[in-house]
1. Which order do the peptides 15-21, 135-141, 101-107 come out in when sorted by mean C-beta neighbours inside 10 angstrom, highest first?
2. Find which of LEU196, SER127, MET62 sits farthest along the positive direction of the dipole of the chain, computed with +1 on the beta-carbon of Lys and Arg, -1 on that of Asp and Glu, about the Cα centre.
3. About its Cα centre, what dipole magnitude does the range 61-126 give when the only charges are +1 on Lys and Arg Cβ and -1 on Asp and Glu Cβ, stated in debye to the nearest 20?
4. Of the GluC sites (Glu not before Pro) in the range 57-90, which ones lie in a loop per DSSP and count no more than 11 other C-beta atoms within 10 Å?
5. Which trypsin sites (Lys or Arg not before Pro) does the range 16-46 hold that lie in a coil by DSSP with at most 11 other beta carbons within 10 Å?
6. Per residue, how much accessible surface does the range 14-93 expose to a 1.4 Å probe? Answer in Å², no decimals.
7. Per the helix-only calculation at 222 nm, which mean residue ellipticity applies to the chain, given -39500 (n - 2.57) for every DSSP H run of n ≥ 4 and division by its residues, nearest 500 deg cm²/dmol?
8. Can you give the percent of C-alpha pairs in the chain whose distance is more than 22 Å?
Amino acid sequence: MGKLFYIMGKSSCGKDTIYENLLSRKELGLRPFIMYTTRPIRAKEKDGVQYHFVTEEMMKKMEAAGKIIELRSYETVNGVWYYFTADGESIDMERYSYLALGTLESFQKVKRYYGSDKVIPVYIEVSDEKRLERSMKRERKQAEPNYEEVCRRFLADQRDFSEENIKNAGIRRRFANDEDRQICMDEIASFIQESLRK
């Protein structure tokens, strides 16, 4: 029976880098569980890798077909962006284990859909100061930096990932990614191997 390891954390905590590293570790045997978004693709992102980038029209067709597990909308300075999880034909939880990236809200809905015995949280923490530094550095690399959006996301994350929400989601283990990212990734890899043996 496969498991779905669900990586979460506030923006700029290193989720994408950790996700890519864990997927590349052959000994873990994890497959990507790719979510969907209507937001514009960022520099260095690829469709079908970080997300499936779709139009709102495509999202509505999937919703009408009953394919969407959970759907979230965010008011951004550039308009409404949607993020969602869909049960695609490529997911076979009977035979394979997967790795996903998402939010606390999406984690809880996916956990309800597949079962708490199959969906395992991987929560990554970074200090606020480091997250702001990383956010600004990443935004500077964009063709048109949007610092207002960086600020909006930072404040939204403070609310979304409150201690109460983390506790209510059933997250007990946290992985610190403030200093040595390699140590953090190795700790998560060991945790996944341990969980797969259970």
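The values are calculated or read from the model by the stated rules, or taken from the named source; none is laboratory data. Because the structure is predicted, anything quoted here is derived from the model rather than measured. Methodologically, a virtual Cβ is constructed for each residue, glycine included, from the backbone with ideal geometry; neighbour enumeration extends over all protein chains shown. SASA here: full protein model, heavy atoms, side chains in, ligands and nucleic acids out. Shrake-Rupley method; radii C 1.70, N 1.55, O 1.52, S 1.80 Å.
1. On the way: 15-21: 18.0, 135-141: 13.9, 101-107: 20.7.
Highest mean packing first, the order is 101-107, 15-21, 135-141.
2. With unit charges placed on the Cβ atoms, the residue in question is LEU196.
3. It comes to approximately 80 debye.
4. GLU89
5. Passing both the DSSP loop test and the Cβ count: LYS26, LYS44, LYS46.
6. With all protein chains present, the range 14-93 gives 55 Å² per residue.
7. Value at 222 nm, helices only, nearest 500: -12500 deg cm²/dmol.
8. Value for the chain (Cα pairs over 22 Å): 49 percent.
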